[in-house]
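Take this structure first; my questions come after.
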Amino acid sequence: MPTEPTERDHTHDGSGPAADAAPATADAAPATVDGGLEAVDGGPSGATAPARPSRRFPRFTRDTARPEGGGRAAPGDAPASARQWPLIAVLAVGALGLLLTAFDLFRAGTLLVGLALMAGAVLRWALPSVGMLAVRSRFTDMVTYGVLGVVITLLALMAQPHPLLEIPFLDDTLHYTIS
């Protein structure tokens with residue numbers, strides 16, 4: 001009578017039926033070994049071979065994995081401000097920049113915002129655990145923080161009146177698009 005294929009009908013790497021692999025005995029039963037991997041008891045000989053974990057994604061996910069480096073920046077018994085100091089430092093410098101911008105110090109304020117983002121990229125690169133400053137993978141966070149920080153800093157340096165940085169091809173592009 002035909003039955004539904006089960007996990008035992010496939011080898012551990014999913015390459016085909018178990019008939020292609022070593023035959024299993026009737027008294028072989030899965031057992032848990034170090035690390036939570038299953039092992040198959042080899043039967044009367046007593047040999048135990050650890051099973052390889054599946055590389056397939058689970059059908060249903062139960063939660064979202066924490067980003068690489070997303071652990072606490074200090075021990076768990078430390079206060080929240082100590083555990084999340086990288087994020088708090090970046091937010092404090094950014095908030096100071098926004099405050100300076102509100103007090104009509106536009107260039108200094110936006111420079112601080114750009115420098116805060118670039119500092120976030122450096123912290124993300126240099127520290128193994130940065131708490132909630134880690135949003136995605138380390139590479140994605142570094143590129144995002146770094147590019148936004150550089151762009152904001154360059155725009156602050158090019159702001160009128162009396163720009164500190166002049167890029168001629170941007171000036172020409174502006175004249176061609178407006179006129």
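We did not get these values from a lab; they are worked out from the coordinates using the rules stated. What you are looking at is a predicted structure, and each value in this text was computed from that prediction instead of being measured. Using ideal geometry, Cβ is built from the backbone for each residue, glycine included, and neighbour counts are taken over all protein chains shown.
Using the Cβ atoms and a cut-off under 14 Å, what net charge is assigned to the surroundings of residue 121, where Lys and Arg are +1 and Asp and Glu are -1?
With Lys, Arg at +1 and Asp, Glu at -1, the net is +2.
Report the per residue volume, in Å³, of the convex hull enclosing the C-alpha atoms of region 82-178.
Dividing the Cα hull volume of region 82-178 by its residues yields 118 Å³.
Cβ under 12 Å from residue 145's Cβ, residue 145 left aside: what net charge do those residues give with Lys, Arg +1 and Asp, Glu -1? Don't skip to the end; give the middle numbers.
Numbers: positive: 124, 136, 138; negative: 141.
Result for the neighbourhood of residue 145: +2.
Further question: Fewest to most neighbouring Cβ within 10 Å: what's the order for 68, 166? Mind dumping the intermediate values first?
Details: 68 16, 166 9.
Going from least to most buried by this count: 166, 68.
Treating only the Cβ of Lys, Arg, Asp and Glu as charged (+1, +1, -1, -1), what charge dipole size does region 82-178 show about its Cα centre? Round to the nearest 20 debye.
Working: 5 positive and 5 negative charges, 117 e Å.
Value, rounded to 20: 560 debye.
Also: Using the Cβ atoms and a cut-off under 14 Å, what net charge is assigned to the surroundings of residue 69, where Lys and Arg are +1 and Asp and Glu are -1?
+4
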